[in-house]
1. Taking the residues in the range 77-90 that are part of a helix (DSSP H, G or I) and at pLDDT 95 or above as candidates, determine which candidate is surrounded by the most Cβ atoms within 10 Å (Cβ to Cβ).
2. Being assigned to a helix (DSSP H, G or I) and free of Cβ contacts under 8 Å to residues at least 24 places away in the same chain is the filter here, so list the residues in the range 123-136 that pass it.
3. Is it true that K44 is in contact (Cβ under 8 Å) with a residue 40 or more places away in the chain and part of a helix (DSSP H, G or I)?
4. Quick one: in the range 8-52, which of the residues that are more than 20 Å from T114 (Cα to Cα) and either touching a Lys or Arg at 6+ places or on another chain (Cβ under 7 Å) or polar (S, T, N, Q) (or both) is surrounded by the most Cβ atoms within 10 Å (Cβ to Cβ)?
Amino acid sequence: MNYIKLWQDISRTAEDDYYSLPKDRQTLFNIKSIADSVSGDGLKSYYLSYAGAFAEDAANQLYDIGLDLVAAVIENANSLFPEGTPPEDDIERKEIIDEWDGDYDYLYDDWNETILQNMPELEAEIDSLFEKISNE
(Lines give C-alpha, C1' and ligand atoms only; values in the text may rest on other atoms or scores of the structure.)
Protein backbone atom coordinates (compact mmCIF):
# COMPACT_ATOMS: atom_id res chain seq x y z
CA MET A 1 0.00 0.00 0.00
CA ASN A 2 1.08 3.53 -0.71
CA TYR A 3 2.29 5.16 2.55
CA ILE A 4 0.88 8.55 1.56
CA LYS A 5 -2.59 7.10 1.01
CA LEU A 6 -2.31 5.05 4.21
CA TRP A 7 -1.35 8.18 6.16
CA GLN A 8 -4.24 10.14 4.65
CA ASP A 9 -6.68 7.35 5.58
CA ILE A 10 -5.36 7.14 9.14
CA SER A 11 -5.39 10.93 9.58
CA ARG A 12 -8.91 11.25 8.23
CA THR A 13 -10.17 8.48 10.50
CA ALA A 14 -8.35 9.96 13.50
CA GLU A 15 -9.96 13.33 12.90
CA ASP A 16 -13.41 11.75 12.62
CA ASP A 17 -13.12 9.06 15.30
CA TYR A 18 -9.64 8.46 16.73
CA TYR A 19 -10.86 5.75 19.08
CA SER A 20 -12.10 3.61 16.17
CA LEU A 21 -8.50 3.18 14.98
CA PRO A 22 -6.67 -0.01 15.97
CA LYS A 23 -3.86 0.55 18.48
CA ASP A 24 -1.03 0.37 15.90
CA ARG A 25 -2.74 3.03 13.76
CA GLN A 26 -3.32 5.24 16.80
CA THR A 27 0.37 4.92 17.63
CA LEU A 28 1.40 5.75 14.08
CA PHE A 29 -0.97 8.71 14.02
CA ASN A 30 0.39 10.07 17.29
CA ILE A 31 4.10 9.66 16.72
CA LYS A 32 4.02 10.81 13.09
CA SER A 33 1.98 13.86 14.12
CA ILE A 34 4.62 14.72 16.72
CA ALA A 35 7.49 14.16 14.28
CA ASP A 36 5.83 16.23 11.56
CA SER A 37 5.03 19.08 13.95
CA VAL A 38 8.51 19.23 15.44
CA SER A 39 10.10 19.08 11.98
CA GLY A 40 7.78 21.86 10.83
CA ASP A 41 6.61 24.59 13.19
CA GLY A 42 7.63 22.96 16.47
CA LEU A 43 6.05 20.99 19.27
CA LYS A 44 3.62 23.75 20.18
CA SER A 45 2.00 23.34 16.75
CA TYR A 46 1.33 19.70 17.65
CA TYR A 47 -0.79 20.85 20.59
CA LEU A 48 -2.57 23.39 18.40
CA SER A 49 -3.53 20.68 15.91
CA TYR A 50 -6.29 18.13 16.43
CA ALA A 51 -3.59 15.53 17.13
CA GLY A 52 -2.78 17.34 20.38
CA ALA A 53 -6.05 16.01 21.79
CA PHE A 54 -4.38 12.61 22.10
CA ALA A 55 -1.08 13.69 23.65
CA GLU A 56 -1.66 11.61 26.76
CA ASP A 57 -2.07 8.49 24.59
CA ALA A 58 1.00 9.54 22.61
CA ALA A 59 3.19 9.68 25.73
CA ASN A 60 2.04 6.21 26.81
CA GLN A 61 2.58 4.79 23.33
CA LEU A 62 6.06 6.31 23.13
CA TYR A 63 6.95 4.65 26.43
CA ASP A 64 5.52 1.36 25.16
CA ILE A 65 7.81 1.39 22.13
CA GLY A 66 10.86 2.44 24.14
CA LEU A 67 11.18 6.07 23.06
CA ASP A 68 11.38 7.21 26.66
CA LEU A 69 13.03 10.61 26.11
CA VAL A 70 10.40 11.66 23.59
CA ALA A 71 7.67 10.27 25.86
CA ALA A 72 9.05 12.32 28.76
CA VAL A 73 8.99 15.45 26.61
CA ILE A 74 5.33 14.89 25.76
CA GLU A 75 4.55 14.14 29.40
CA ASN A 76 6.29 17.37 30.48
CA ALA A 77 4.45 19.40 27.86
CA ASN A 78 1.16 17.79 28.91
CA SER A 79 1.86 18.81 32.51
CA LEU A 80 1.55 22.49 31.54
CA PHE A 81 -2.17 22.01 30.97
CA PRO A 82 -4.69 22.05 33.82
CA GLU A 83 -4.74 18.67 35.56
CA GLY A 84 -1.74 17.64 33.44
CA THR A 85 -3.83 16.67 30.43
CA PRO A 86 -4.43 18.66 27.25
CA PRO A 87 -8.14 19.07 26.64
CA GLU A 88 -9.55 17.09 23.70
CA ASP A 89 -11.32 20.21 22.46
CA ASP A 90 -9.06 22.05 19.97
CA ILE A 91 -10.44 25.48 20.84
CA GLU A 92 -9.97 24.93 24.57
CA ARG A 93 -6.34 23.81 24.03
CA LYS A 94 -5.66 26.87 21.88
CA GLU A 95 -7.16 29.21 24.48
CA ILE A 96 -4.96 27.73 27.20
CA ILE A 97 -1.85 28.02 25.03
CA ASP A 98 -2.77 31.62 24.15
CA GLU A 99 -3.07 32.42 27.88
CA TRP A 100 0.54 31.34 28.38
CA ASP A 101 1.52 34.34 26.26
CA GLY A 102 4.90 32.83 25.38
CA ASP A 103 5.81 32.07 29.01
CA TYR A 104 6.80 28.50 28.14
CA ASP A 105 8.45 29.10 24.78
CA TYR A 106 11.89 28.40 26.27
CA LEU A 107 10.64 24.98 27.40
CA TYR A 108 9.19 24.22 23.98
CA ASP A 109 12.53 25.19 22.41
CA ASP A 110 14.36 22.70 24.67
CA TRP A 111 11.75 20.01 24.06
CA ASN A 112 11.92 20.53 20.28
CA GLU A 113 15.68 20.03 20.46
CA THR A 114 15.31 16.82 22.47
CA ILE A 115 12.84 15.41 19.97
CA LEU A 116 15.01 16.45 17.03
CA GLN A 117 17.95 14.63 18.61
CA ASN A 118 15.78 11.51 18.83
CA MET A 119 14.26 11.91 15.37
CA PRO A 120 16.18 8.99 13.78
CA GLU A 121 14.64 6.58 16.31
CA LEU A 122 11.22 8.18 15.93
CA GLU A 123 11.39 7.96 12.13
CA ALA A 124 12.56 4.33 12.29
CA GLU A 125 9.51 3.48 14.40
CA ILE A 126 7.23 5.35 11.99
CA ASP A 127 8.70 3.40 9.06
CA SER A 128 8.30 0.15 10.95
CA LEU A 129 4.65 0.87 11.74
CA PHE A 130 3.92 1.86 8.13
CA GLU A 131 5.42 -1.40 6.93
CA LYS A 132 3.60 -3.50 9.54
CA ILE A 133 0.23 -1.88 8.83
CA SER A 134 0.62 -2.03 5.05
CA ASN A 135 1.37 -5.76 5.28
CA GLU A 136 -1.79 -6.54 7.25
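1. A77
2. A124, D127, S128, E131, listed by residue number.
3. When the stated conditions are applied, K44 passes them.
4. Here the answer is I10.
Rundown of residues vs (1) polar (S, T, N, Q); (2) modelled with pLDDT of 95 or more; (3) part of a loop (DSSP other than H, G, I, E, B); (4) over 26 Å from R25 (Cβ atoms), yes/no style:
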site	(1), (2), (3), (4)
A71	no, yes, no, no
D103	no, no, yes, yes
T114	yes, yes, no, no
E121	no, yes, no, no
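The values are calculated or read from the model by the stated rules, or taken from the named source; none is laboratory data. Just so it is clear, the model here is predicted, and its values are computed rather than measured. Cβ atoms come from the backbone with ideal geometry, glycine included; neighbour counts cover every protein chain shown.
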